[in-house]
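The values are calculated or read from the model by the stated rules, or taken from the named source; none is laboratory data. Being a predicted model, the structure only gives us computed values, none of them experimental. Glycine gets a Cβ as well: all are built from the backbone with ideal geometry, and neighbour counts include every protein chain shown. SASA here: full protein model, heavy atoms, side chains in, ligands and nucleic acids out. Shrake-Rupley method; radii C 1.70, N 1.55, O 1.52, S 1.80 Å.
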Amino acid sequence: METDAADLSQRYVEHLRVVRNASAHSLRAVGGDLRDLARFLAERAPGVDLAHVDPLLARAYVADLAGRVGARTVARRLSTLRSFYRWLMREEIREDSPMQAIPNPRQGRPLPETVPVDVMMRLLEGPPGTTAPAHRDRALLEVLYAAGLRVSELVGLDLSDVDLDQGWLRIEGKGRKVRTVPIHDRCVQALERWMGRRGELLAKGKGRGDLSAVFLNQRGGRLSARSVRRILDREVHRCATGLHIHPHMVRHAFATHILEGGVDVRHVQELLGHASISTTQIYTHLGIDRLIRVYDESHPRANENGP
């Protein structure tokens with residue numbers, strides 16, 4: 001069978017797209033991981049291609065990688081390479097995997113950064129003014145925090161995904177898994193005000209705007225993730241919080257705050273679209289101070305003086 005390494009990466013990525021229905025984000029990440037290995041081989045082992053990496057070269061690559069990136073990135077790239085070489089074996093391009101005996105690096109699981117409730121409330125006041133962009137920015141901040149969305153999910157929202165009468169959003173998350181999440185009345189009202197002005201930005205597209213997108217840029221096109229970050233940066237500066245807050249921290253704040261409010265962790269898992277409960281449980285660690293405080297306030301023996 002033809003094993004030209006020049007197109008192996010493309011063939012594998014196409015396999016993931018067609019057979020596994022992988023997202024565009026995942027496909028870009030896999031392509032980048034394979035290109036990184038190819039660059040290493042070109043520098044350290046000229047003449048060896050992706051299909052002919054042996055276990056010794058694989059270990060040398062992982063050692064090099066560990067000196068350049070963090071443990072989580074190393075683990076993710078190892079996962080990509082294990083899957084890639086399993087695919088080569090299924091395609092009968094090689095008989096074994098050079099990754100078989102290479103373990104994942106030890107990695108601590110850092111607690112997610114979050115936003116204090118008082119800071120979050122100030123951010124949600126949004127920019128002053130009655131312009132269409134001001135209404136858009138207030139609405140997108142409300143949606144981020146009301147539904148705990150990833151920024152890619154926010155900018156991917158279409159009009160058909162929004163039910164303001166019932167107060168629900170249809171979200172296509174990682175792995176193209178679809179979930180439905182509720183939004184509260186304040187968020188609904190912010191979206192209604194923005195929808196009433198959305199046509200003003202759409203008109204600036206002069207027929208080339210995105211008719212389906214909920215959130216539009218100044219030219220009537222779909223708002224980008226980078227634009228959301230700029231909007232949030234501007235609002236953080238306006239609030240003079242002194243904090244560096246990125247959009248994913250708002251998602252963390254959503255999870256942390258509703259867990260502290262008493263929502264069951266499995267409900268939070270469903271709202272966030274996590275495949276595993278262990279991913280959601282990391283937020284429970286953020287509430288340990290509150291747990292200790294509630295314990296001290298409520299346990300009959302905690303308020304007694306010692307001997």
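Structure notes:
- Only one of 147, 139 that is among the small types (Gly, Ala, Ser) and either open to solvent by 40 Å² or more (accessible area, probe 1.4 Å) or at pLDDT 95 or above (or both): 139
- Of everything listed in (1) in contact (Cβ under 8 Å) with a residue 12 or more places away in the chain; (2) closer than 30 Å to residue 27 by Cβ, the single unmet condition for residue 230 is (1).
- Selection status of residue 274, at pLDDT 80 or above and not in a helix (DSSP H, G or I): yes
- All positions within the stretch 68-108 that are surrounded by fewer than 15 Cβ atoms within 10 Å (Cβ to Cβ), among the polar types (S, T, N, Q) and farther than 11 Å from residue 33 by Cβ: 100, 104, 107
- Taking the listed residues 53, 69, 62, the one that is more than 29 Å from residue 156 (Cα to Cα) and modelled with pLDDT under 90 is 69, with no other qualifying.
- Verdict on residue 118 being part of a helix (DSSP H, G or I), open to solvent by 30 Å² or more (accessible area, probe 1.4 Å), under 30 Å from residue 195 (Cβ atoms) and without any contact (Cβ under 8 Å) to a residue 40 or more places away in the chain: yes
- Within the stretch 233-255, being hydrophobic (A, V, I, L, M, F, W, C) and either under 18 Å from residue 187 (Cβ atoms) or touching a residue at least 40 places away in the same chain (Cβ under 8 Å) (or both) holds for 236, 239, 243, 245, 249, 250, 253, 254, 255.
- Annotation: of all residues in the stretch 10-49 being of a type in the set (Gly, Ala, Ser) and in a helix (DSSP H, G or I), the one that is farthest from residue 225 (Cα to Cα) is 42.
- Sole residue being in contact with a Phe, Trp or Tyr (Cβ under 8 Å, 6 or more places away or on another chain) and modelled with pLDDT under 85, chosen from 268, 250: 268
- In the stretch 153-189, the residues that are in a helix (DSSP H, G or I) and buried (at least 17 other Cβ atoms within 10 Å of the Cβ): 153, 154, 155, 161, 187, 188
- Test result for residue 125, open to solvent by 80 Å² or more (accessible area, probe 1.4 Å) and within 16 Å of the chain's Cα centre (by Cα): no
- Comparison of 80, 73 shows that the only residue that is polar (S, T, N, Q), within 30 Å of residue 227 (Cβ to Cβ) and without any contact (Cβ under 8 Å) to a residue 24 or more places away in the chain is 73.
- For the condition outside any loop (DSSP other than H, G, I, E, B) and farther than 13 Å from residue 140 by Cα, residue 201 qualifies.
- Condition met for residue 27 (open to solvent by less than 60 Å² (accessible area, probe 1.4 Å) and touching a residue at least 60 places away in the same chain (Cβ under 8 Å)): no
- Members of the stretch 191-206 that are open to solvent by 60 Å² or more (accessible area, probe 1.4 Å) and within 22 Å of residue 144 (Cα to Cα): 192, 193, 196, 197
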